[in-house]
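We did not get these values from a lab; they are worked out from the coordinates using the rules stated. Treat the numbers as computed from the prediction; the structure is a model and nothing was measured. Cβ coordinates were reconstructed from backbone atoms using ideal geometry, including for glycine residues, and neighbour counts include every protein chain displayed.
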């Protein structure tokens, strides 16, 4: 085994280190371990695997591109095991990084073809290896801030697997195109205008993948912002409904108070005449016509109070027994009002839909929103349902044809964003939801 070839191949494989760094940057809030120690550990694993791969490739006379592909696949499995993220997210980001690095690799081959026109892409030389490593770390430095800031926002906010899956074919196309134009022999690039076409394709693909990424990022955030505004509008609508209901109650009771003097005079007259039966009849009629206040005070959080009143009225209309207990601190808690209302709103919406499929006497929803020792917020919900569930990979999925099936995923994602957890289980006729969110976190953290 040639020592020179070993070191060339070994250092060539180390391009996986900057690739791995770029892959981890968007997942800064979804790592199983701390960022810096994780990068050091993964870099050590890459160095070890590169050494083993180089020895086996040269000893067994294996094609270098094939052995590098095996390394890339192995590194993805290691990478995915260190993340707290869906398979769709991790694979989509990994393929995007591979597509970007494949363009860079072909750029190195293009430079090597200028310096060593009689060589080929399978040959090893110190200069091309050095340029490959230097360029890969330079690209990592350039993309560090966008990936760490904007990339992590995208990973945190976009929780729909189908959208991540849609991006994968684009990355695969870029990788496939770079594999197709990779020059086996550099001399072939000097035929006609192939060299100019080669560089034109590389530059075009580089800018195209950047432009597509920026467009994707902006479209996703426009959609997410629209959803967020819709959620705020929905909360405002519930507050308005609560206000109008309260206003109607005030106006009705004002009329009753206005007539109260006449009522007292009438009762006094009936009492003086000893007409007890008429007094009882009048009081019975008076009580039955007293307005009922439909607004309940669950907590001092106006948005949450409006949300709970909205579902309380809905349950009353649909003859669902609704029991609610809320005990949360008066001061601000770590979770935002929007996220808290989204979690509870999704829970209650699912519960109401489940109860609709039962007879009126079986319909029941219990929800408790409690804090314990100012350390955790607990949301515990129980609702009756028909006992029919669907599960995929130990995850509940919707049983309704028109349902999106993302309600429970949204709850889980929101809880995990604040370092919490969400658990769901069921018995024969009841569905249980348990959400825990720590109080000591003011912003989304690594999960």
(request) Assuming 1.567 mPa s and 4 °C, estimate D for region 3-230 with Stokes-Einstein, Rh taken as the Kirkwood radius over Cα pairs, in µm²/s. (result) 69
(message) Whole angstrom only: what separates the Cα centroid of region 1-77 from the Cα centroid of region 155-210?
(response) 21
(request) Would you calculate the separation in nanometres between label points at residue 317 and residue 203, each defined as 7 Å from the Cα along the Cα-to-beta-carbon direction? (result) 6.3
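Sort 379, 160 so the one with the fewest other Cβ atoms within 10 Å of its own Cβ comes first. Present the calculation step by step, with values, prior to reporting the outcome.
Values: 379 23, 160 18.
Ordered by Cβ neighbours within 10 Å, fewest first: 160, 379.
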(request) Using R₀ = 45 Å, calculate the FRET efficiency as 1/(1 + (r/R₀)^6) where r is the Cβ-Cβ separation of residue 388 and residue 63; round to 0.05. (result) 0.25
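Relative to the present Cα-Cα distance, how much length would full extension add between residue 78 and residue 38 at 0.36 nm per residue of separation? Show your work: numbers first, answer last.
Working: separation 40, 0.36 × 40 = 14.40 nm, distance 1.13 nm.
Length difference between fully extended and current span is 13.3 nm.
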(request) Among 195, 297, rank each residue by its count of other Cβ atoms within 10 Å, from fewest to most, as a rough exposure measure. (result) 297, 195
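How do the peptides 425-432, 179-186 rank, highest first, by the average count of neighbouring beta carbon atoms within 10 Å per residue? Please list the in-between numbers first.
Details: 425-432: 13.2, 179-186: 14.8.
In decreasing order of mean packing, 425-432, 179-186 become 179-186, 425-432.
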(request) Go ahead and run the numbers for FRET between residue 5 and residue 162, Cβ-Cβ distance against an R0 of 56 Å, rounding to 0.05. (result) 0.80
(message) If R₀ is 45 angstrom, what is the calculated FRET efficiency for the pair residue 184 and residue 378, using the beta carbon separation as r and rounding to 0.05?
(response) 0.10
